[in-house]
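The structure appears right after this line, and notes come after that.
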There are 2 protein chains.
Amino acid sequence: MKKKTGTSFVSAQQVADLAGVSRSAVSRTFTKGASVSPTTRSKVIKAADSLGYHVNELARGLINEQSNIVCIVGADIYTPYQSRFIDALTRELQAIHKVTMVVNSSGDSEVRDALAQTIRYRADATLVLSGQPDDALIQTCLNNGQRVIVVNRDKMQSGVESIVVTNRVAAREAFHMLHRAGCHNIVAVSSKAGTPSLVAREQAFLQEAKDHGIEATLKTVGMTSYETGAETARQLFSGSNPPDGAFCLTDLLACGFMDVARHEFGRRIPEDLCVIGFDDIDQSSWSSYNLTTFRQPVEDIAVHIRDLLSSRLDPDLGEGPTRFPTEPVWRQSVRMGAKP
Amino acid sequence: MKKKTGTSFVSAQQVADLAGVSRSAVSRTFTKGASVSPTTRSKVIKAADSLGYHVNELARGLINEQSNIVCIVGADIYTPYQSRFIDALTRELQAIHKVTMVVNSSGDSEVRDALAQTIRYRADATLVLSGQPDDALIQTCLNNGQRVIVVNRDKMQSGVESIVVTNRVAAREAFHMLHRAGCHNIVAVSSKAGTPSLVAREQAFLQEAKDHGIEATLKTVGMTSYETGAETARQLFSGSNPPDGAFCLTDLLACGFMDVARHEFGRRIPEDLCVIGFDDIDQSSWSSYNLTTFRQPVEDIAVHIRDLLSSRLDPDLGEGPTRFPTEPVWRQSVRMGAKP
DNA sequence: TCATTTTTTGCACAGGTGTGCAATGATGCT
DNA sequence: AGCATCATTGCACACCTGTGCAAAAAATGA
């Protein structure tokens, strides 16, 4: 199991010997805020460079009981929405000299494993983007000063910092957009994933429709994907009573839905069919779609998380989740006149 | 700087005390292949569970001089291609119980930082997907038994394991596809990025055209993105002598190119214009595009990398880079009859 | 120059783990 | 039973770093 390498990593002791100072001096040179004279510092740096010394972050973390690692747990990270989020997060975290560990979780059990990993590596924090973490493990994390931040999930436990997006407001707004556009047969295209944010959007949309005397229907035929959106359209437009307005709970669903409506059933958008999405992924702005949607401010959220973790912001516990607004992005998939 | 937490992480010593065994027994219980009797093992596990013990991977890594961390360096990780690759990699690495560290690098300097990070965290390996790593740092990595694997990059140094895709073969094939489809005015749509794989495709494509007496032109108007593809199309179709066949060196470029050609210039695909892409991202199969393209076998590459790092495969050094074939995916953006 | 304050430096310890070595206990064989 | 073999266990050391403490050096003031 042990490696067989000729040379080994160079340690602070070796640097100290070469520079003719104590090992403490070396340590202090590379520790922010420690007291070293400019003379010794330069001697140390010179020796370190010539030897190729790099601080062993493992040993440092062992002392400090934290490792500057932040663990991101997410599923389907190849998805436009998730990958944009992770991109923003990694950049912001790097800006405060944190290191990003990504755990690709499909099921809840892997979220469990991820949290265990967080503990084993003494990470500073865990960001949960998907799945439901295990309560006992969360408690262990929190007890040891590790932070747990969940995004667009149900808040499960005190001590967990929660960030959500204004799903309900947006969903209600979506109904009114379709309503104002003159749609009569309205459908909500969702998935079987049952994610908290999906459920929130479904409920708010259907409720708002009902409150205005319109019976909107809900369709869930598969997971949250392009294919599901496509298949949903196929079922709806080949049945009796096809819709003339659709709120797709995800842009990805919307893309599949639009493609099939247009190419397989000849629907013109927005003349025959109005479509609204959610997320504002890159593809929504592509001119094949031009999708009117709601933008999730992932960059703002990433900045907020950075500020949280650089302790420039106090953890906002107790007073409920931090809410970020989703603003509508008007494009061409809804008839004009719907815009207020 | 020091944290103020009531409790602290539970150590192996505490578990040992509770279980009534020595700390060594605890260590051996959680070390694969160590010798412990079933009796003590179960006592230890019981105690560990009740205390919430988790091995400190930092201390373990300090001893072993490796941390089971694999560092992935990549730019533009929100891109469909990159995110799919990272998704595959993280899954395969997790399968062999490695932990993924993602470094989001925009410039070469950040690749440098990433490599330094690899060293500081005593990572097992670094995967470089973008940018040019620093020679001296690579040497330090290699000297200490850390592996460096570059994908679709120029091989820079011995000891670095290199994986590439058959860019040239595919590019030549792309020309013939357009040629057989009867295109006369052929253009290669690339970007200013100047990535090794882009350059390889450009050169091979243009050379093959020249060898067959056709003067294909090369267009590079921006970075590798949808917008660049769109802008390229705008320039080409508003100028004199618009093309009737395009090899877009990236599917993302192709999407932008197709959208503008169709929606702003009324070109029918494939009747008026044949388009070929590269990568086979998800969007290429969406029915708005139906793009004929070349598939990069990212899953196969990820599996290969897993096998390399689980030392089931010998590092293939010396005899040049490992090549993975890119196979054409026939869809509808090239006139039929081009298919052999 | 000398006394006083401030900065710098080295020592030694702590942090949690893996493992070689020797001792102990268990098991098998005759 | 007696001996040999083998698995198990505990001790002590090593891995590399940060930091409190006291001593030394430097800077400051008169």
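Data table
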read-out	value
Members of the stretch A:23-47 found to be near DNA strand C (Cβ under 8 Å from one of its atoms), surrounded by 14 or more Cβ atoms within 10 Å (Cβ to Cβ) and within 24 Å of A:Gly61 (Cα to Cα), listed by number	A:Arg23, A:Ala25, A:Ser27, A:Arg28, A:Val36, A:Arg41
Complete set of residues in the stretch B:190-213 that are of a type in the set (A, V, I, L, M) and open to solvent by 30 Å² or more (accessible area, probe 1.4 Å)	B:Ala193, B:Val199, B:Leu206
Which listed residue is open to solvent by 10 Å² or more (accessible area, probe 1.4 Å), over 21 Å from A:Ala12 (Cβ atoms) and out of contact with any Phe, Trp or Tyr (no Cβ under 9 Å at 6 or more places or on another chain), from A:Ala125, A:Ala136, A:Ala114	A:Ala136
Looking only at the stretch B:51-76, and only at residues there that are open to solvent by less than 10 Å² (accessible area, probe 1.4 Å) and of a type in the set (A, V, I, L, M, F, W, C), the one that is farthest from the chain's Cα centre (by Cα)	B:Leu58
The stretch B:21-45, subset without any contact (Cβ under 8 Å) to a residue 12 or more places away in the chain and more than 8 Å from DNA strand D (Cβ to nearest atom), residue farthest from B:Ser11 (Cα to Cα)	B:Gly33
Filtered residues of the stretch B:212-236 (kept if within 14 Å of another protein chain (Cβ to nearest Cβ), out of contact with any Ser or Thr (no Cβ under 6 Å at 6 or more places or on another chain) and not in a loop (DSSP other than H, G, I, E, B))	B:Tyr226, B:Glu227, B:Gly229, B:Ala230, B:Glu231, B:Ala233, B:Arg234
Yes/no for B:Ile45 being of a type in the set (A, V, I, L, M, F, W, C) and outside the structural domain of B:Ser130 (by TED's automatic domain parsing)	yes
Residue selected from the stretch A:3-16 under the condition surrounded by fewer than 17 Cβ atoms within 10 Å (Cβ to Cβ) and within 11 Å of DNA strand C (Cβ to nearest atom), by the criterion modelled with the highest pLDDT	A:Gln13
Filter result for A:Val150 (more than 10 Å from every other protein chain (Cβ to nearest Cβ), free of Cβ contacts under 8 Å to residues at least 40 places away in the same chain, over 22 Å from B:Lys98 (Cα atoms) and in contact with a Ser or Thr (Cβ under 6 Å, 6 or more places away or on another chain))	yes
Pairs, first of a type in the set (D, E, K, R) in the stretch B:250-265, second part of a helix (DSSP H, G or I) and at pLDDT 95 or above, C-beta under 6 Å, six or more apart	B:Asp251/B:Ser284
Criterion (touching a residue at least 12 places away in the same chain (Cβ under 8 Å), more than 16 Å from DNA strand C (Cβ to nearest atom) and farther than 30 Å from A:Trp286 by Cα) met by exactly one of A:Ala88, A:Ala114	A:Ala114
Single unsatisfied condition, B:Leu273 versus (1) within 21 Å of B:Arg201 (Cα to Cα); (2) outside the structural domain of B:Gly229 (by TED's automatic domain parsing); (3) hydrophobic (A, V, I, L, M, F, W, C); (4) open to solvent by less than 30 Å² (accessible area, probe 1.4 Å)	(2)
Condition broken by A:His97, with the remaining ones in (1) facing chain B (nearest Cβ under 8 Å); (2) within 16 Å of DNA strand D (Cβ to nearest atom); (3) closer than 30 Å to A:Asp282 by Cα; (4) open to solvent by 10 Å² or more (accessible area, probe 1.4 Å) satisfied	(1)
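The values are calculated or read from the model by the stated rules, or taken from the named source; none is laboratory data. Because the structure is predicted, anything quoted here is derived from the model rather than measured. We place every Cβ from the backbone using ideal geometry, glycine too, and count neighbours over all the protein chains shown. Areas reflect the complete protein model, heavy atoms only, side chains present, ligands, DNA and RNA absent. Shrake-Rupley method; radii C 1.70, N 1.55, O 1.52, S 1.80 Å.
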